[in-house]
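The values are calculated or read from the model by the stated rules, or taken from the named source; none is laboratory data. Since the structure is predicted, the reported quantities are computational estimates derived from the model, not experimental observations. Cβ: placed from backbone, ideal geometry, glycine included. Neighbour counts: every protein chain shown. The accessibility values were calculated without ligands, DNA or RNA, using every heavy atom of the protein model including side chains. Shrake-Rupley method; radii C 1.70, N 1.55, O 1.52, S 1.80 Å.
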Amino acid sequence: MQALEDCPQITIEQCDQCGSDHMTLALDAKPWTLMRCEDCGFVFTSPRLTDESLARIYSSNYYENAVDYASQQVEPPSDDHLQLASRIRRLLRPGAEPLTSVDVGCGGGRLVEAFSRAGFQACGIEPSEGTVAAACRAGRDVRVQDLSELPSDAFDCVTLMHVLEHVTSPASFAADLYRVTRPGGYCVVEVPNFGSRAAQEQGAEWYPLHPSTHLSHFTPQTLRQCLTNAGFGIVSTSRLGGGGVFDSVSEASPRQKKAGQVPPPMSLKRRALAAVWGLRSTVTSLPAGRRFARWVNWELLGHGEFVRVTAQKN
Ligand SMILES: [Zn+2]
């Protein structure tokens, strides 16, 4: 197969979010470049693959090449999926009609099953036929369909996990998400967090970057902006993933010992973090402690490779 960087590309002349043509280089991730809009801060890959190249990648073998990924996708829902579905269930007031949800770009439908278990009439749409077939075999209501084909004002919850960074125009995609959401319903969007400290420090080496197929590189601020531009009100923002500061404290010294290096003297901040790390099992054995550790890691210290925004259509 042809290398992605050798497929036809187009240069983006205008910011998808605000229409500005003022842009500067955000990151050189050879052979790709990321540009930042000077007016609104939105970061995107430019030049990027043409729509035809992207359509070919997603319809044919995006998942099928990764056999492990496909089988992972039809596994039961994760704890995070189940918690998300029950959280949305609690936010929605039960009415006469059954609650409905759609997961856009649902893969094998793990989140579809989570919403179904939480009492929703849950379905998912996905461009990859092989993945849809696997999801249907697992008894999940998943079909090959486009967001633009879904009815308006139809869903109490619309979820979009690691999809928005792949679409060619997040602004028009978000407008369509708004259209299909029922008034009072919720939309949950999760993407890699380009604003995370890991992304900023690791640059082109940051593992969720994927500048060839990730066309947009959101920060919590630009993701919220994208959803408010479409008409949504923001309910909450959370950061997820990554061991963040706890991993960096726990891994640093054994590795240095193994390499026979004398570790540099620890800064006061690092010593304080090491002390927290020493207490982690005690702290995180309590439910409130686990929440506190997450808050310190993701909110206070700015770690977390992913960002999830919950928005509502008023
Ligand atoms: Zn802009």
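So which residues in the range 165-184 are more than 11 Å from LEU227 (Cα to Cα), in contact (Cβ under 8 Å) with a residue 40 or more places away in the chain and not in a strand (DSSP E or B), if there are any at all? Selection gives GLU165, HIS166, VAL167, THR168, SER169, VAL180. Scanning the range 126-163 for residues that are touching a helix residue (DSSP H, G or I) at 6+ places or on another chain (Cβ under 7 Å), within 21 Å of PRO183 (Cβ to Cβ) and surrounded by 17 or more Cβ atoms within 10 Å (Cβ to Cβ) gives LEU147, LEU150, PHE155, CYS157, VAL158, THR159, LEU160.
Count, please, the residues in the range 185-223 that happen to be in contact (Cβ under 8 Å) with a residue 24 or more places away in the chain and not in a loop (DSSP other than H, G, I, E, B). Qualifying residue count, the range 185-223: 19. Just one of the numbered conditions (1) within 30 Å of ASP51 (Cβ to Cβ); (2) at pLDDT below 55 is not true of PRO220: (2).
Given the structure, is ASP51 under 17 Å from ALA171 (Cα atoms), more than 15 Å from the ligand (Cβ to nearest atom) and surrounded by fewer than 20 Cβ atoms within 10 Å (Cβ to Cβ)? In short, yes. When residues in the range 1-35 are screened for being in contact with a Cys (Cβ under 9 Å, 6 or more places away or on another chain) and of a type in the set (Lys, Arg), 0 of them pass. When every residue of the range 110-123 is checked against the conditions, none turns out to be in a loop (DSSP other than H, G, I, E, B), within 20 Å of ALA85 (Cβ to Cβ), open to solvent by less than 60 Å² (accessible area, probe 1.4 Å) and charged (D, E, K, R).
Residues in the range 1-34 that are surrounded by 15 or more Cβ atoms within 10 Å (Cβ to Cβ) and either part of a loop (DSSP other than H, G, I, E, B) or near the ligand (Cβ under 10 Å from one of its atoms) (or both): CYS7, ILE12, CYS15, ASP16, GLN17, CYS18, MET23.
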